[in-house]
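Worksheet: one structure, shown below.
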Amino acid sequence: MSAPRRVLFVDHAGVLGGAELSLLDLAMAFGDRARVALLADGPFADRLRARGVRVTTTPMGALADVRKDTRLPSFGALAAMWRTAGALGATVDPSELLCANSQKAFVVSALAGWRAQRPVAWILRDILAAPHFSGANIRAVITLANWRACRVIANSQATADAFVAAGGRKSLVCVVHNGIDAAPFDVVTPADGQAVRRALHIPDDAFTVAMPGRFHAWKGQQVLLAALAQVPNVHAIIAGAPLFGEQAFADELRARAARLGVADRAHFTGFRDDIPALLSAANVVVHASTLPEPFGRVVVEGMLAHRPVVASNAGGVPELIVDGESGVLVPPADARALAAAIAALRDDAPRAARIAAAGARRARTLFTVGAMARGIEEALAAC
Ligand code: UDP
Ligand code: GLC
């Protein structure tokens, strides 16, 4: 077994998305051997520092304007990419391996690693397929990965398969599922859940579902609203924020809730830092992504919270849940099926409890931070 590596994790985001929350746990598990370079300042940098992780920020300038569906980056963006890669490369220690945690971070890291002559791994957390990404975007990163990556670590088999289907070299890729710390879920008490319900003015006896997630059309908050219209009296806690500039979508969601006549049962909470307590306020946890979800931390979090999870049957989600045993899978973007699954759990409490218990066991067995950190460590040993 080769010696443990010192790792410079690189992420482009300053906000707290799922990729960043997973990296937070990973960097903490690596302890002194990890350093994090961010291409934007923000709450993620603050959170890392608060947990004792060494973090530096190298702002990416006009590269921030390049989005997943961008076909042709501007000259300014390309210049910013080159500049950022140079600045990042200059900070790399000869003993460090670069490990990118997002697509943009991989592009910058690949160039930085090339200039600093250091190996570069990529934790791939996206399904590289349309309509998530433009064809040009996919071709560019696959070419770069095949040329520069020493390892591509996919967060699910579905993510790995999409990488290979898009032309990624099969021998580069391995799968390491995310792990999520169960401890914050284990200390939650029924009183915490009750306090959340009271603060949101949800009646004590109202059957309630919770859906945490960043606001974006493909995350499917609109599908939950449509389902809510079909299950009278059920309340929904919809937690999250438009992290990557989707404010118009967030505004439209509230208007849609009013149009559907469910505004009094749809509780928009904004971004929350108390997800374990929030989930414990609900009877069921919902995941409603309309496109294949690469992994879906919220699915595992619902399982850790001892709640039956209803989730979209696509992408990595079927690797997390065994349908009918440790959760319930429904077709994506199908409000009727989602409503039926929620109603069925409401109407059969013993089945809901069985599924919740099996989900809680499965999450604690398969999706631990320890297993994730070991998996990543082994994968990096190939670099
Ligand atoms: N989350 C949060 N507060 C919120 C909404 C979401 O902390 O108000 C967290 C959620 O608990 C999960 C993450 O954001 O850990 C979302 O990760 P996921 O993998 O489900 O989706 P992503 O947004 O990364 O695509
Ligand atoms: C990405 C994916 C999400 C995954 C997270 C952590 O944000 O969209 O499905 O759970 O990364 O790997």
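Throughout, read-outs are computed from the coordinates displayed, never taken from laboratory work. Note that the structure is a prediction, hence the values are computed from the model and not measured. Here Cβ is always computed from backbone atoms with ideal geometry, including for glycine, and neighbour counts include all displayed protein chains.
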Please list, ordered by chain and number, the residues whose modelled amide H lies under 5 Å from the amide H of Gly327; skip anything fewer than 5 residues away on the same chain. Val322
Diffing segment 345-355: the Karplus 3J(HN,Hα) column from phi (6.51, -1.76, 1.60, θ = phi - 60°), in whole Hz with x for Gly and Pro, holds 5, 5, 8, 9, 4, x, 5, 4, 5, 4, 5
Could you tell me the distance between the Cα centroids of segment 75-99 and segment 193-271, to the nearest Å? 40 Å
3J(HN,Hα) from dihedral phi, segment 5-14, Karplus parametrisation 6.51/-1.76/1.60, rounded to Hz, x for glycine, proline: 8, 8, 10, 9, 7, 10, 9, 8, 9, x
When a footprinting reagent is the concern and you count Cβ atoms within 10 Å, what order do His287, His216 take, fewest first? His216, His287
Whichever aspartates and glutamates have a C-alpha closer than 18 Å to that of Lys104, once near sequence neighbours (fewer than 8 apart) are set aside: Asp11, Glu20, Asp41, Asp65, Asp69, Asp126
Would you kindly derive the ³J(HN,Hα) couplings of segment 38-51 from the backbone phi angles with the Karplus curve 6.51 cos²θ - 1.76 cosθ + 1.60 (θ = phi - 60°), listing them in order in whole Hz, with x for Gly and Pro? 10, 9, 7, 8, x, x, 5, 4, 4, 5, 4, 4, 4, 8
Hey, in the GNM for the chain with a 10 angstrom Cα cutoff, which one of Leu338, Leu279, Leu16 fluctuates hardest? Leu16
Within 10 Å of each residue's Cβ, count the other Cβ atoms and sort Lys68, Lys104 from fewest upward. Lys68, Lys104
What's the Kirkwood radius of segment 64-220 in Å, using all Cα pairs? 18.3 Å
If you project the alpha carbons of the chain onto the principal axes, what extent comes out on each, in Å, largest first? 61, 44, 38
Tell me which cysteines of the chain come out unpaired when the rule is another cysteine's Cβ under 4.7 Å. Cys99, Cys174
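Per the helix-only calculation at 222 nm, which mean residue ellipticity applies to the chain, given -39500 (n - 2.57) for every DSSP H run of n ≥ 4 and division by its residues, nearest 500 deg cm²/dmol? It would help to have the intermediate numbers written out before the result.
Values: 16 runs with 171 residues, N = 383.
The per-residue figure over the chain is -13500 deg cm²/dmol.
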Residues with amide H under 5 Å of Val10's amide H, sequence separation 5 or more or different chain, H placed in the peptide plane at 1.01 Å from N; which? Ala37, Cys99, Ala100, Asn101
